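Heads up, the thing below is written out as structure tokens.
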Ligand SMILES: [Zn+2]
Ligand SMILES: [Zn+2]
């Protein structure tokens, strides 16, 4: 049977479209370096995965920032200069890794390109992190940092909730999506200093049901810790309503000198 040129063109276009769709759902190349990935890898090649800098000791006992090893090796409960100067409202913050190239690309694919498949990659990273920290936050309730509904509408999903759900599953902790609500749509914070971010985020959260918060130890989860202003504001509101301990966990941590662009 002869295929007319017009029909052939349509078929080729459909095939190209399907390939594009397949590449989007199951990319052939690593999302970070564009190198080829093997069948067993999902979105990141082995060398990019190995490049993710997990944050381990020594770090600040309170905010979790990696300690500067240029001075005397800090003890386990060492508190950094920033925390000593102006302590955060949360008790402790920890992050999986440095928010530099690989982790940043991974988070962006998930957050801005809506590539939900990247969640499986994040799941593997979280499993690895919590295998090294199995007792993290036992007895806590996991609560994501909420998005304002206008952002939720624009983005179609809530990245902090999805990360919090994975964390709760791995640590076998209860997940409570509705402890906080975001009452103000805040301006984008990318270029702000810590003080500007703190002003911008002030009053952004409210507690939904104070009786759900009182006496509870809460683990707040977000995607990235930049200056800590957002999680600090959420912790302040939770503590005001009588929360016990408030800990923070984020996937990425911006550390000055470690690819801190957003
Ligand atoms: Zn790669
Ligand atoms: Zn600190």
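The values are calculated or read from the model by the stated rules, or taken from the named source; none is laboratory data. From a predicted model like this one, the values you see are computed outputs, not experimental measurements. Neighbour counts are summed over all protein chains in view; Cβ atoms, including those assigned to glycine, are modelled from backbone coordinates with ideal geometry.
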### Task
Determine if region 88-99 includes at least one residue that is touching a strand residue (DSSP E or B) at 6+ places or on another chain (Cβ under 6 Å), part of a helix (DSSP H, G or I) and within 16 Å of ligand 1 (Cβ to nearest atom).
no
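One line per residue, one yes/no per condition, for (1) within 30 Å of residue 162 (Cβ to Cβ); (2) at pLDDT below 90:
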| site | (1), (2) |
| --- | --- |
| 72 | no, yes |
| 75 | no, yes |
| 78 | no, yes |
| 83 | yes, no |
| 89 | yes, no |
| 98 | yes, no |
| 105 | yes, no |
| 111 | yes, yes |
| 114 | yes, yes |
### Task
List the helices (runs of 4 or more DSSP H) that sit entirely inside region 188-262 and contain at least 3 residues that are at pLDDT below 95 and crowded, with 16+ Cβ neighbours inside 10 Å.
194-201
### Task
Would you confirm whether any residue within region 43-54 is within 11 Å of ligand 2 (Cβ to nearest atom) and surrounded by 14 or more Cβ atoms within 10 Å (Cβ to Cβ)?
no
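How about region 50-70: which of its residues are free of Cβ contacts under 8 Å to residues at least 60 places away in the same chain and either more than 21 Å from residue 88 (Cβ to Cβ) or within 8 Å of ligand 1 (Cβ to nearest atom) (or both)?
Taking region 50-70 first, the residues free of Cβ contacts under 8 Å to residues at least 60 places away in the same chain are 50-51, 57-62, 67-70.
Hits for region 50-70 are 50, 51, 69, 70.
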### Which numbered condition residue 158 misses (of (1) touching a helix residue (DSSP H, G or I) at 6+ places or on another chain (Cβ under 7 Å); (2) in contact (Cβ under 8 Å) with a residue 24 or more places away in the chain; (3) surrounded by 14 or more Cβ atoms within 10 Å (Cβ to Cβ))
(2)
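Inside region 82-118, can you point out the residues that are surrounded by fewer than 19 Cβ atoms within 10 Å (Cβ to Cβ) and without any contact (Cβ under 8 Å) to a residue 60 or more places away in the chain? If you could, list the steps in order and put the result at the bottom.
First, the residues of region 82-118 that are surrounded by fewer than 19 Cβ atoms within 10 Å (Cβ to Cβ): 82-87, 89, 91-92, 101, 105, 108, 111-117.
82, 83, 84, 85, 86, 87, 108, 112, 113, 114, 116, listed by residue number.
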